[in-house]
Amino acid sequence: MAKQRISYVPLEKMDAEMRREMERCRREGTPRPESSAIRAHVPAAFWFFAKSWNDLFRNGVLDHAVKELCRLYVSRSVQCEYCGNQRSVKATSSGALIEDQVLDLLNFEKSTRYNHRQKAALSYAEAIVWRLETDDAFWDRLHRHFTEPELVELGCMIGLTLGQQSWLRLLNIEHHQVLPGTSASMAPGYEDARKLAETKAMADYWAKSQPAAPASSIPSPACEGG
């Protein structure tokens, strides 16, 4: 494994409130303990992300599974393996997200795995991640499926996770290194250190292929499927 670029802050150097949040990360994931232990070097950064993620991602006005799809779209686009190998327990336990849906994220417009609303949300993520130009048709499509508060929350959540994942992918951190022994929020095949290593060694491991930027700009709403 490549050299880790920023160290983890030991739990004994955190205050009681931060340690309680780290225990929640161990039990529930979102976020997992390793990324939180990195941000703990600066308590303001630790709490900025923990509170923002709780308010914008785990809770909020928009249904959680749509936000989880967009989070995973970001993971596939920027190739943040640390984040891409996680799944929201809230989304998977409710049955709102199935693992097959993750396979077509970078080809969502042509996929039959998503409904109109999910595709509209993913087009929003695509435009943000790849800095695509948008037009009236793009926004008409979004407004058909989402309220303005939902669009604000989703846009802020996508921006937050895009920034964090673009940063975390550089740090060479890995799961099961801080507060190990829990599979909370881990994707199938990554539940412990042994399974994680085996899955990442497979020839078809998702991060071994480079994501391609969208071939066109904003797709026509007439192409919606699913």
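The values are calculated or read from the model by the stated rules, or taken from the named source; none is laboratory data. Bear in mind that the values here come from a model prediction, so they are computed numbers and not experimental data. Here Cβ is always computed from backbone atoms with ideal geometry, including for glycine, and neighbour counts include all displayed protein chains.
Would you check which residues across segment 73-101 are in contact with a Leu (Cβ under 6 Å, 6 or more places away or on another chain) and either at pLDDT 90 or above or of a type outside the set (Gly, Ala, Ser) (or both) and list them? Spell out how you get there, then give the answer.
First, the residues of segment 73-101 that are in contact with a Leu (Cβ under 6 Å, 6 or more places away or on another chain): 73-74, 76, 80, 82, 91.
Within segment 73-101, 73, 74, 76, 80, 82 meet the criteria.
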Q: Test residue 135 against the stated conditions and say whether it is of a type in the set (Asp, Glu) and free of Cβ contacts under 8 Å to residues at least 40 places away in the same chain.
A: no
Q) Just wondering, is there one or more residues in segment 51-58 that are under 20 Å from residue 105 (Cα atoms) and either within 16 Å of the chain's Cα centre (by Cα) or not polar (S, T, N, Q) (or both)? A) yes
(Q) Looking at segment 80-93 only, could you name the residues that are in contact with a helix residue (DSSP H, G or I) (Cβ under 6 Å, 6 or more places away or on another chain), assigned to a helix (DSSP H, G or I) and of a type outside the set (Gly, Ala, Ser)? (A) 81, 82, 83, 90
Q. Tell me, which residue of segment 46-79 that is outside any helix (DSSP H, G or I) and out of contact with any Phe, Trp or Tyr (no Cβ under 9 Å at 6 or more places or on another chain) is surrounded by the most Cβ atoms within 10 Å (Cβ to Cβ)?
A. 60
Q) Are there any pairs with C-beta distances below 6 angstrom linking a residue in segment 147-158 that is within 15 Å of residue 117 (Cβ to Cβ) to a residue that is surrounded by fewer than 17 Cβ atoms within 10 Å (Cβ to Cβ), with the two at least 6 apart or on different chains, and if so which? A) 150/61; 153/61
Q) With (1) surrounded by fewer than 20 Cβ atoms within 10 Å (Cβ to Cβ); (2) free of Cβ contacts under 8 Å to residues at least 40 places away in the same chain; (3) of a type outside the set (D, E, K, R); (4) part of a helix (DSSP H, G or I) as the list, and residue 41 as the residue in question, which single condition is left unmet? A) (4)
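Looking at segment 138-168 only, could you name the residues that are among the hydroxyl-bearing types (Ser, Thr, Tyr) and farther than 25 Å from residue 48 by Cβ?
Step one: filter segment 138-168 for residues among the hydroxyl-bearing types (Ser, Thr, Tyr), giving 147, 161, 166.
Selection gives 147 alone.
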Q) Tally time: how many residues in segment 92-103 are among the small types (Gly, Ala, Ser) and surrounded by 11 or more Cβ atoms within 10 Å (Cβ to Cβ)? A) 2
(Q) Cβ-Cβ under 8 Å, sequence separation 6+ or interchain: first residue in segment 8-29 and closer than 16 Å to residue 89 by Cβ, partner at pLDDT 95 or above and part of a helix (DSSP H, G or I). Which pairs? (A) 25/33; 25/36; 26/33
